[in-house]
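Taking it in order: structure first as structure tokens, then the write-up.
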Amino acid sequence: VRFIDGDDTPMQQIVAEPDWQMVHQDVSLEPDPVAVAESWMREDLAKPLDQCRGPFFNFALFKTAPEQFLWYGRFHHLVMDAIGGSFIVRRIADVYAALAAGAPVDLKTIGSLTDLIKEDAAYRASAHFRSDRQFWLDLMADCPEPPSLSIRAPTVPEQFVRRTAVLSSATTAQLQRFGQ
């Protein structure tokens, strides 16, 4: 999507193909391949975003050793929330697991944004929507404003870098016991 000025509000416009290509870099011969990859990631996070045209995401894959890769994913909150991000990560994990096992990759899709918008518009025009809306208005009618623990707006960290590690089976079992 990209964002355009509507009559009195911003609107989303669906575009056929984003102006974007995934970055693939082999940094395995660098003295500190992980530092090189993380430096690229920090530079990407620091780039200003055109909030009308995007792209609102970026992905990169860095080869840091013969059998080690780092995957980078960045999304703007205009187009992705934590649940949507978890769907993407789950899909990548499923594809990776299939490839690692030598199994065929399921080429299913989750559908199109156009279909989702049509489905949402049909719901919003339905009696079911009106009933749902009234239910929540009635239920929440006497609710106070939500409390806040902060007296000022939240700050944004200067960098987001995550590191993944393989946990031993003993540590995994301990975490599972703790989770129960």
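With θ taken as phi - 60° and the Karplus curve 6.51 cos²θ - 1.76 cosθ + 1.60 applied, the whole-hertz 3J(HN,Hα) list for the range 10-24 is x, 10, 8, 10, 7, 10, 5, 9, x, 7, 7, 9, 6, 7, 10 Hz, x standing for glycine and proline.
Phi-derived couplings, Karplus 6.51 cos²θ - 1.76 cosθ + 1.60 at θ = phi - 60°, listed residue by residue for the range 143-148: 6, x, 4, x, x, 10 Hz, with x used for Gly and Pro.
Among 38-44, 143-149, sorting by the average number of other beta carbon atoms lying within 10 angstrom of each residue, highest first, gives 38-44, 143-149.
If packing is taken as the average count of other Cβ atoms within 10 Å, what order do 73-82, 125-134 fall into, highest mean first?
Top of the packing list down: 73-82, 125-134.
For the chain, the per residue solvent-accessible surface stands at 85 Å², with DNA, RNA and ligands left out and a 1.4 Å probe.
With both residues required to sit in the range 25-180, DSSP beta bridges show an antiparallel share near 80%. Between 0 and 90 degrees, the angle of helix 113-124 with respect to the longest Cα principal axis of the chain falls at about 30 degrees.
Note on residue 118: lysines with a C-alpha under 21 Å away, same-chain residues under 8 apart excluded, are 108.
Counting every alpha-carbon pair across the range 1-64, the share separated by more than 14 Å comes to 66%. I want the local charge near residue 108. Using Cβ-Cβ distances under 15 Å, sum +1 for each Lys or Arg and -1 for each Asp or Glu among the other residues. Local net charge: -1.
Rounding to the nearest 10 and keeping the result within 0 to 90°, find how far the Cα-based axis of helix 82-101 lies from the longest principal axis of the chain. Taking Cα atoms only, the helix is inclined about 40 degrees. Distances between every pair of Cα atoms in the range 12-146, grouped in 5 Å steps from 0 to the bin holding the largest one, split as 2, 7, 11, 14, 16, 14, 12, 8, 6, 5, 3, 1, 0 percent. By DSSP, the beta bridges lying fully in the range 1-75 are antiparallel in about 75 percent of cases. Among 166, 95, 105, whose mean-square fluctuation peaks in a Gaussian network model of the chain (Cα, cutoff 10 Å)? Comparing 166, 95, 105 in a Gaussian network model of the chain, the most mobile one is 166. Per-residue Karplus couplings for the range 137-142, computed as 6.51 cos²θ - 1.76 cosθ + 1.60 with θ equal to phi - 60°, are listed in order as 4, 5, 5, 9, 4, 9 Hz, Gly and Pro entered as x.
Solvent-accessible area of the range 43-152 (1.4 angstrom probe, protein heavy atoms only): carbon and sulfur portion equals 62 percent.
Classify the range 33-72 as rounded, prolate or oblate, taking a ≥ b ≥ c as the square roots of the eigenvalues of its Cα gyration tensor: rounded when a/c is under 1.5, otherwise prolate if a/b is larger than b/c and oblate if not. It comes out oblate by the Cα gyration axes.
The values are calculated or read from the model by the stated rules, or taken from the named source; none is laboratory data. Bear in mind that the values here come from a model prediction, so they are computed numbers and not experimental data. Using ideal geometry, Cβ is built from the backbone for each residue, glycine included, and neighbour counts are taken over all protein chains shown. Quick note on the areas: whole protein, heavy atoms, side chains included, nothing else; ligands and nucleic acids left out. Shrake-Rupley method; radii C 1.70, N 1.55, O 1.52, S 1.80 Å.
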